[in-house]
Every structure is written in structure tokens, then in C-alpha cells.
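Quick notes on the structure that follows.
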Amino acid sequence: RREVVDDLDEIVGRVDDRREFDAAGLKQSWQFEPSRRQLWSFGAELEQRDANYAYASLADRRGLLATLGGTAPPVRGLAVEASGDSYGLYVEDRVRITERLIADFGLRWDRQTYLPPGVDSQFSPRASVLYRFGSKTELRVSHGRFFQAEGLLDLQIEDCVSEFWPAQRAAAAEQLRRGVPGQ
């Protein structure tokens, strides 16, 4: 990435952002159907990642901006290397209680070795019940925890951030959906 502004109303400019990212991964999923009313799904994920970031910046604020605030140019130079592994394990049990009622229970564990200690592991239990009123209306009630960790390539180096944030957490809520099932 290269940016050149050169005097957009006297805020001169320059940026030079270089990133390199390598990843190798393995993902395996299995399903087992012990009966026509039950389906078990389980799997594992592993990914090894390496990233190099180089960021440069220069802004030369001139004219009115310089006289009003006396702002110093934000000359920056930042180089960061990061690497780590990401692991994931999951298991799910889906049970068709009746033709209209389906229950789903699951567990997921994730870990990212590049996140700060204490926030590098997430455990996500989930439960869901689906009731089909007809071909176009169904009600799903679910509860659980869902996490999304910042990817190794998502580091906000352009904002001088050189540390990764903890995984973001979301909680599932009730949902009423009208429409064709499966959409």
C-alpha cells in the first residue's frame, strides 16, 4: 500500500504500509448419525500463522493549521512481527424430537497463542430449539456464547496498535423467522 497526498490544502501526506502473511492450516469435520432422529457433528481446526507489518507515515501540516495549533507532524515508523497458532474443537448433537421440534446442543473451544495470556482461550456452550409451525413459519429460541478473535492479519498497525485485542463475545437471542425454511 502506498499513499501520496502532497498538499491537500497543505496537509502534505505520505504512507508506506507493507504486510506479509503466511498461514498453514488443517480442518477436519465428521458426522455420525446413530439414528434417523439424531445427528452428531464434531471436528477440529489447527492453523499456524506468521505476519510481518511495516508501517510508515508522514504528515506535514502547513499554513493555517500550523499557526493555529502548532501541530507537530505525526512522523511514524513501526515494524511488528507476530506469529502464533489457532486451535478449535467442537461437538454438536442435533435431535429431532418430533417432526416439528428439533433441539440442538453444542460446545466449542478455541485458543489463539498470539493473544495476551488470560484471554487466549474461549469456551462456547450453545443450545437451540426450533419449532416449525408450517412450511413458512418457524420459531427458534437459542442461547449461547459466540466468540470471534482478531485475526493475525487484522492488527491495526496504521493506528500504531501493536497488540492484539481479546476475542469479541456475542450472545444469541430469540428469533422469529417467517419465510421459506433453509433461507
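Structure notes:
- Scanning region 143-162 for residues that are open to solvent by 30 Å² or more (accessible area, probe 1.4 Å), in a strand (DSSP E or B) and not basic (K, R) yields H143, F146, F147, Q148.
- Filter result (modelled with pLDDT of 50 or more, of a type in the set (D, E) and touching a strand residue (DSSP E or B) at 6+ places or on another chain (Cβ under 7 Å)) within region 160-180: none
- Selection within region 93-116 - within 25 Å of F32 (Cβ to Cβ), open to solvent by less than 50 Å² (accessible area, probe 1.4 Å) and either at pLDDT below 90 or not aliphatic (A, V, I, L, M) (or both): D93, D104, G106, R108, D110
- Test result for D120, under 30 Å from Q48 (Cα atoms) and in contact (Cβ under 8 Å) with a residue 24 or more places away in the chain: no
- The single condition among (1) under 22 Å from the mean Cα position of the chain (by Cα); (2) in contact (Cβ under 8 Å) with a residue 12 or more places away in the chain; (3) in a loop (DSSP other than H, G, I, E, B) that S135 does not meet is (1).
- Meets criteria (modelled with pLDDT of 90 or more and under 16 Å from the mean Cα position of the chain (by Cα)) for S128: no
- A search for C-beta distances below 6 Å between a residue of region 150-171 that is of a type in the set (D, E) and any residue that is open to solvent by 90 Å² or more (accessible area, probe 1.4 Å), counting only pairs 6+ apart in sequence or on different chains, returns E150/W165.
The values are calculated or read from the model by the stated rules, or taken from the named source; none is laboratory data. Note that the structure is predicted; figures quoted are calculated from it, not measured. Note that each Cβ is placed from the backbone with ideal geometry, even for glycine, and that neighbours are counted across all protein chains shown. The protein model used for the area step is the full one, side chains on, heavy atoms only, and it has no ligands, DNA or RNA in it. Shrake-Rupley method; radii C 1.70, N 1.55, O 1.52, S 1.80 Å.
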